[in-house]
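What follows is calculated from the coordinates using simple rules that are stated; it is not laboratory data. In this text the structure is predicted, and so the values were computed from the model without any measurement. Using ideal geometry, Cβ is built from the backbone for each residue, glycine included, and neighbour counts are taken over all protein chains shown.
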């Protein structure tokens, strides 16, 4: 059944088996569920590493899991491709995934549903791997849908709470709306180019078959799908609500992996995206707007997880910013570093929440550096990374993006390069500001809550520390080399060469981050009076930020209400009215006819005779007259 | 001959009268008698046609009709008696056990 | 149709209406006897002598006597209760009229083709006296004749079986005033 390199299929199949195994075995022995799930991911990781090392020797690996559809001339086998880009993504998914699995063993230790949790988590890893390893768009779509499903299952994990369940549903529905874009793009590409293979769809002779307007449509549709999955305007409000799920879920799905699927798709389909230069321009502006909106909203949040959620949306905006200027390699670079520090941030936040007995409001935290030193250190390191301060990881990828903006050749963006650069830098400052604020409120100062918080157990702190280390060194290690490495699958389109800068250059580049962090220290720690003053002056802004730009409300009244009204009408008139009416109408008519015919068999002989006479006379008339 | 028309017309008339009687009367025995009347009307028709066609087939038919009518009378009245025993009535509406 | 025939026809129709009209079933039975007698007369007019006599002997003499026996035996009251309904009567009448009106025309048309000479010849040949009937019965229709005797036998057996006395109790209903056991 499996052809090609069977090791490749192990990567994908291991977590699937793990999901089943942990579910089945976990029924009997709940303690083993976490171990089995983690083991499955570890297996995937091991094989990934092995294949990754073999890549430099062999080139790329292919495998076919099974011939899914084979109808005459149309065939859709479940093909997998392991090239450099897939390797990087797989390493991130399985590596960070394994750390989060281990963390979850500790975090979910007291939860009665943990067997289900680990099964879903493994299922998610499986779907994500199918997504990044898929060789044709339909296979990617399977993974795409799968992660959407697992996201729904995991966000609404504690489904007995209606709010949480609703958040899960919201995520799923918004994802689904984005999927429409995916389907449209697939339809267009298949009709015009005759193929859905991602390797084929990079070749010039294949892409030439697309007429100009269809090329624009396909690219835009792909981006629309990405906005759903990667939480850009207009389909981003599900991400903050998704914090209803357990913190490991937020870390894995909504920081490190699923939300980056959109960026990955853009990268793979860069051939299609770049066909009409208007598409990347649209991508850039939408991404920039998203980044600004999300960053400013994060400033006004008091729930620590919500801050991180909006931060994710904003950072995703950065990634799409890179996509918009054609720097796909840099975008993936930021994906990787973001996975490190965001997962670290989320897991640390999880430790904090766990230690403060499920308290999530930062106003009731503070001074935790004394009680949770390790977590504090990890969070601090990751904050420096996300703020883009040298030599931490985030600096290199962010700097790469900012630098790439200037090198854009896009005719639509040419004049605005400086404006974009300024705005992007402003977002960076803002990012540093709100992240530092969250750090200060949570860990510094004095404890404002009740009870006694405690440090997390080792099984939780260890993965966090690993991620923290990666946040420190990961950027420097990968700077430049990653983008070079990905040259094959993702040729850099902006003519920006990577220059290595001196220390001064690095410090200059860290300026926005340091500015933001410094401002946070001033406002929130030392001179809180200034903060109160600013608050009084800028209260309309605060209202806007705290109200999250009222996007949800707008979407609700503009989209949800009309559709709901329409469906109510359809329900009453079509479903209840016509369908049920005709259905039970048949019954009513039958019964009426039956009532009528019932009277004919009355048992009265005289009636029978009369009927006979009438019938005979009629027949008589017919036969006589007809002749 | 045109005079034969009268016999045929009479036969038809008697047949229809008998048919109406069958439908109208409730007493089973009276219904039976109406049936006999219908048979007689048909017999008349047979005889008339026998005269018209020039052979005796019609009259032979009448002969056999009489035989059968006799047998039918015997059996039919026996049935009426049997029903009468269980229902104690000869009215057709009383023998109906179907709930309508 | 001769004058005698016309008179007999009138009597036949009158007694026919009497059969269906009288409330008292005994009167209906007597009307039927009258009807059968007039029919016998009509047969005689049509030269079917054998049939005329056997009509009186078999029909009026045997069958009607049987009917009268049964009527007397059951000793019924006059048909009580509401009549069967005007609606029913109208429908029945309508159907009957329909048949009448439809059949009239073909009857008239049938005779247009036949020449008068033929008819007279045919009329002369068909004299239904005993000898000629007998010739047919024992000649051409011998098998049917034998079978009819079988039918009579079956009828006898059936009638006896059906009318045999079973010791059952009677549920009294409207109209029954006679003996408890039949």
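Before rounding to the nearest 500, sum -39500 (n - 2.57) across all DSSP H runs of length at least 4 in the protein assembly as shown and divide by the residue total; then give [θ] at 222 nm in deg cm²/dmol.
Working: 39 runs with 636 residues, N = 909.
Theoretical 222 nm ellipticity from helices: -23500 deg cm²/dmol.
Cα atoms only, the range A:327-393: Rg and Dmax in Å?
Spelled out, the Cα radius of gyration and Dmax of the range A:327-393 are 13.8, 43 Å.
Which three extents, in whole angstrom, do the alpha-carbon atoms of chain B cover along their principal axes, largest first?
53, 24, 18
Using only the alpha-carbon atoms, what does the range A:16-108 span along each of its principal axes? Please give whole angstrom values in decreasing order.
Principal extents (largest minus smallest coordinate, Cα): 48, 35, 16 Å.
Quote the relative contact order of chain A in percent (integer), defining contacts as alpha-carbon pairs under 8 Å separated by 6+ residues.
Numbers: 1043 pairs, mean separation 74.6, N = 627.
It comes to 12 percent, rounded to a whole number.
Would you please state the base-10 log of I(q)/I(0) at q = 0.07, 0.08 1/Å for the protein assembly as shown, with intensities from the Debye formula using one equal scatterer on every alpha carbon?
Result of the Debye calculation: -0.61, -0.72.
For the range A:169-299, evaluate the Debye formula with one uniform point scatterer on each Cα (no solvent term) and list log10 I(q)/I(0) at q = 0.10, 0.17, 0.18, 0.20 Å⁻¹, rounded to two decimals.
-0.34, -0.88, -0.95, -1.11
Taking only the alpha-carbon atoms of the range A:368-435, what semi-axes of the equivalent ellipsoid follow from 5 times the gyration tensor eigenvalues under a square root, in whole Å, largest first? Display every interim value, and only then the final one.
On the way: eigenvalues 217, 26, 7 Å².
The answer is 33, 11, 6 Å, longest axis first.
Taking the simple approach of a point 7 Å from Cα along Cα-to-Cβ for both residue A:600 and residue A:159, what is their distance in nm?
5.4 nm
Mean projection of the alpha-carbon convex hull of the range A:362-501 over all orientations, in nm²?
Values: hull surface 43.2 nm².
For the Cα atoms of the range A:362-501, the hull's average projected area reads 10.8 nm².
Please express the Cα-Cα pair-distance distribution P(r) of the range A:166-217 as a list of whole percents, one per 10 Å bin, running from 0 to the bin with the greatest distance.
Calculated over all Cα pairs of the range A:166-217, the distribution is 24, 41, 20, 14, 2 percent.
At q = 0.16, 0.18, 0.21, 0.27 Å⁻¹, what is the base-10 log of I(q)/I(0) for the range C:1-80 according to the Debye formula with one equal point scatterer per Cα and no solvent? Please give it to two decimals.
Debye output, listed in q order: -0.62, -0.75, -0.92, -1.20.
Inverting the mean 1/r over all pairs of different Cα atoms, compute the Kirkwood radius of the range A:400-452 and quote it in Å. Show your work: numbers first, answer last.
Values: mean 1/r = 0.0722 Å⁻¹.
One decimal place: 13.8 Å for the Kirkwood radius.
Which percent of Cα pairs goes in each bin when the distances of the range A:96-183 are cut into 5 angstrom slices starting at zero?
All Cα pairs considered, the percentages come to 3, 14, 20, 22, 19, 13, 6, 2, 0.
Report the gain in length on full extension from residue A:624 to residue A:608: 0.36 nm times residue separation, minus Cα-Cα distance, nm rounded to one decimal. Provide the component values of the computation, followed by the final result.
Values: separation 16, 0.36 × 16 = 5.76 nm, distance 2.41 nm.
Additional length available on full extension: 3.3 nm.
Can you give me the P(r) profile for the range A:277-528? Cα pairs, bins 10 angstrom wide beginning at 0, each as a whole percent.
Bins of 10 Å from zero give 8, 32, 34, 18, 7, 1 percent of pairs.
Over all directions, the average projected area of the alpha-carbon convex hull for the range A:280-344 comes to how many nm²? Provide the component values of the computation, followed by the final result.
Working: hull surface 16.0 nm².
Projected over every direction and averaged, the Cα hull of the range A:280-344 covers 4.0 nm².
At 7 Å along the Cα-to-beta-carbon direction for both residue A:75 and residue A:544, put a label point, then send me their distance in nm to one decimal.
5.7 nm
List the relative contact order of the range A:277-528 as a percent without decimals, with contacts defined as Cα pairs under 8 Å and 6+ residues apart.
Dividing the mean separation by the residue count of the range A:277-528 yields 29 percent.
State the extension gain, in nm to one decimal, for the chain segment bounded by residue C:150 and residue C:23, taking 0.36 nm per residue of separation less the distance between their alpha-carbons.
Values: separation 127, 0.36 × 127 = 45.72 nm, distance 3.73 nm.
Fully extending the segment from residue C:150 to residue C:23 adds 42.0 nm.
Expressed in nm to one decimal, what extension gain is obtained for the pair residue A:579 and residue A:173 from 0.36 nm per residue of sequence separation less their Cα-Cα distance? Each step should come with its number before you reach the end.
On the way: separation 406, 0.36 × 406 = 146.16 nm, distance 2.67 nm.
Using 0.36 nm per residue and subtracting the Cα-Cα distance, I get 143.5 nm.
If you project the alpha carbons of the range A:1-57 onto their three principal axes, what span does each projection cover, largest first, in Å?
Per principal axis, max minus min of the Cα coordinates gives 44, 24, 7 Å.
Using a Förster distance of 60 angstrom, determine the FRET efficiency expected from the C-beta separation of residue A:46 and residue A:589, and round it to 0.05. It would help to have the intermediate numbers written out before the result.
Numbers: r = 69 Å, r/R0 = 1.14.
E(calc), rounded to 0.05, equals 0.30.
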